[in-house]
Amino acid sequence: MTRVLDAPQQVPGRSPLRLGRVSGVFRVRPMLVLLGGLVVLLGGVLLDIGLGEYQLSPGQVLVTLFGGGDYADQYVVFGLRMPRALTAVLVGAALGLAGAITQAVARNPLASPDMLGITSGAGAAAVLVIVFGGTAGALGGLAEAVGLPVVALVGGLLAGFAIYGLAYRGGVDSYRIVLVGVGITALAGNAIYWLLTVGDVNDAGRAMVWLTGSLNARGWDHVVPTAIALAVLLPMTLVGAHSLGALQFDDDTVRGIGVRVNLARGVLLLAAVVLASIATAAAGPVQFVALAAPQIALRLSRSSRPPLVASLVFGGALVVAADLLSRTAFGAAEMPVGIVTAILGAPYLIYLLIRRYREDRA
Amino acid sequence: MSRSGTVGSPPGTEREAAPEPAPRLGARRRRRLLGLAVLFGVLVVSCLLSVAIGAKSIPLGDVWTSLVAPAGSENSLIVWDLRLPRTVVGVLVGAALGLAGALMQGHTRNPIADPGILGITQGAALAVVLAVYSFGISSLYGYIWFGFAGALLGALAVFAIGSMGGAGATPVTLALAGMAISALLQAPTSALVLSDQESLDTYRFWKVGSIAVTDPGVIWQVLPFVVAGLVLGLANASGLNALALGEDVARGLGHRVQWTRRLGVLAIAVLVGASAAVCGPISFVGLVVPHIARYFTGADHRWLLPFSALLGSSLVLLADVVGRMVARPAEVQVGVMLAMVGAPFFIALVRRRKLVRL
């Protein structure tokens, strides 16, 4: 009995890695993809901090980051651009991770937090405040007291809990959770559009900017909460992700191999909801990152389900690159970052979709 | 008992049920025919309600007299020029969206496929915003054709990318290509809307979706397209049934998979494009209706498609009537009402029992 378990089980062609109870297989391609993503991410951050009206070379940025540079350099880097760049990284990372979790749990590439109604819930709450903020006294006062990000966070969490609660029937079926999520998305999405028609056109404009996803004037107070959320939730999801492989099978099989399905699924989904809500609270519902980053990571590393860490890195890289372009490529005007993530991410996803077919045929 | 058990059963059980003795099949056909008759009844009632109820309360008798013998009075003007066109638009758009939704879910084999996912809504939206921004067109008559062309181009682009390489479009790539194209089209739309207040103003009112047309002439403009789309879509039924068995099996059975797909996408684009052009992107019908219809018919597309069309019409009309009643004398647009009424209903349905899987 024990001898069978002790005997090292070989995965053909791979060498297993064991560390106490944890084991895994080392695969070269996903590692290279992850490293590549990290290089792009770090390069993007250096450029994002350096470029702008006050130009700094990547070298100067590095020097400044380690305490050098004159007062102006210090101010531009630490006061203005670094918090913004970090917000971009963290928002993208949180969205990428949330997307990877939901896509893996629901076994559906479209089941990103956008589709599950979490970002729409956050958006509806925020638009409510923006549209009525000036006119309706009580609500306006409340909004001013707690701030737009908090309102958005509450909206996203409410939507997330509503979805989980409504999809729960002695367990959460992944198919049901996607459908319930779609219902909530429709509800919140239509509420948003209706609110846009109720308000003044100027308020509608402000709400549209927020709804597109904007990093304008983001500071340290946006960085810190997102960073804390990621620091807490990333280890949690990595532990939970151990059972993600098992969740690929149907529920009875999963129970049969001894995984507590509902617990694992519940914890992972809760983590995804909090991540997506925090990201939305910080920058608005930046479209497409949660959908595209896991799919791009999946297709590049050729794994069977969206890889969590790589999705996180790709999400961060996508938003940083988008922020860089949004500040520099459109002259004096600044595009909301959500528009640029779509322009960057969509063609790449399309390219990957097309290329896969070419390889299949070859 | 066993009969009601098959209502919501997955297609697997249905295929197992097929070789069973004839009486059961006959019973199912009877039930479906009965359902069809009931849906017709619901649709007729919805039409009557839609004509009878409005911002100005007109006694039922007056509605009837102004319908059959229009005397040129204020009441008959309201009935003939406002309510009747609105009802007709509701029927057309509802049928178009219901059928398009069923087609989309069938082709992508994705339970959450709707016009927003296949890039059609965003194509129409970009075209409408472009019409307002670049050409200053702000009347429905003007931008209806832009919306139509945009929807068509969006759908064709998604299909072209999804089926690139000649291997044909698989459900997942089709859906992913749809989301990618949607995001790509949404970007310039947002950029235009954010830079131009007039475009934003048109866009936000178009985006909620309303069937309150101001010009009855619009009906004659879209009617041929909706009819053509309905015919094309219904002709797609047997091909879709074969595709549900998997592309290889369908090919083995002698079905021309590529043609089925092309026909389907054309029908979807025409149906959604025409309706989006008239009343904006009404989002909920195409998504929900097929799920409700499948609950009655099972996964057989020859029944599912007509059921979805009928159900779509009734749903749009009823939601519109409720929207006129809740905020008197103002009204809530049908797109918003559909979500407010439809979403809780949809969620309850999803919760109540196992839905038919695709």
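Laboratory data are not the source of any read-out in this text; all were calculated from the coordinates shown. Keep in mind that this is a model prediction, so the values were computed, not measured. Positions of Cβ are generated from backbone atoms using ideal geometry, with glycine treated the same way; all protein chains shown enter the neighbour counts.
Summary table
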{"item": "Sorted by Cβ density within 10 Å, fewest first, the residues B:Met325, B:Met179", "result": "B:Met325, B:Met179"}
{"item": "Residues A:His222, B:His107 arranged by fewest to most Cβ contacts within 10 Å", "result": "A:His222, B:His107"}
{"item": "Ordering of B:122-133, A:209-220, A:110-121 by burial proxy (mean other Cβ atoms within 10 Å per residue, highest first)", "result": "A:110-121, B:122-133, A:209-220"}
{"item": "Shielding score for A:107-117, defined as the mean number of other chain Cβ atoms within 10 Å", "result": "3"}
{"item": "At least 15 Å along the helix axis (C-alpha) and Kyte average at least 0.0, DSSP helices within chain B", "result": "B:22-52, B:84-108, B:120-135, B:140-162, B:171-195, B:217-234, B:257-279, B:285-297, B:301-326, B:334-352"}
{"item": "Helical mean residue ellipticity (222 nm; -39500 (n - 2.57) per DSSP H run of 4+; nearest 500) of chain B", "result": "-25000 deg cm²/dmol"}
{"item": "Given charges at Cβ of Lys, Arg, Asp, Glu: the range B:88-356 dipole, positive-most of B:Asn110, B:Phe284, B:Gly246", "result": "B:Gly246"}
{"item": "Per-residue mean of C-beta atoms belonging to partner chains within 10 Å, peptide B:339-351", "result": "6"}
{"item": "Partner chain coverage, peptide B:204-212 - average Cβ within 10 angstrom", "result": "4"}
{"item": "For peptides A:288-301, B:234-247, sequence by mean Cβ density within 10 Å, most packed first", "result": "A:288-301, B:234-247"}
{"item": "Highest-MSF residue in chain B out of B:Leu194, B:Leu311, B:Leu223 [GNM, Cα springs under 10 Å]", "result": "B:Leu194"}
{"item": "Relative contact order [Cα under 8 Å, 6+ residues apart], chain B, whole percent", "result": "30"}
{"item": "Kirkwood-type radius of chain B, with distances r between different C-alpha atoms, in Å", "result": "21.1"}
{"item": "Ranking of A:Val40, B:Val326, B:Val222, B:Val350 by count of other Cβ atoms within 10 Å, fewest first", "result": "B:Val326, A:Val40, B:Val222, B:Val350"}
{"item": "Between the range B:204-253 and the range B:61-82, the alpha-carbon center distance in angstrom", "result": "33"}
{"item": "Top of B:Val322, B:Val289, B:Val45 by mean-square fluctuation, Gaussian network on chain B, Cα under 10 Å", "result": "B:Val45"}
{"item": "For chain B, built as a Gaussian network whose Cα springs stay under 10 Å, the top-fluctuating residue of B:Ser275, B:Ser182, B:Ser76", "result": "B:Ser76"}
{"item": "Relative contact order [Cα under 8 Å, 6+ residues apart], the range A:36-361, whole percent", "result": "31"}
{"item": "Inter-label distance for A:Asp200 and B:Asp81, nm, one decimal - labels placed 7 Å from Cα along Cα-to-Cβ", "result": "3.5"}
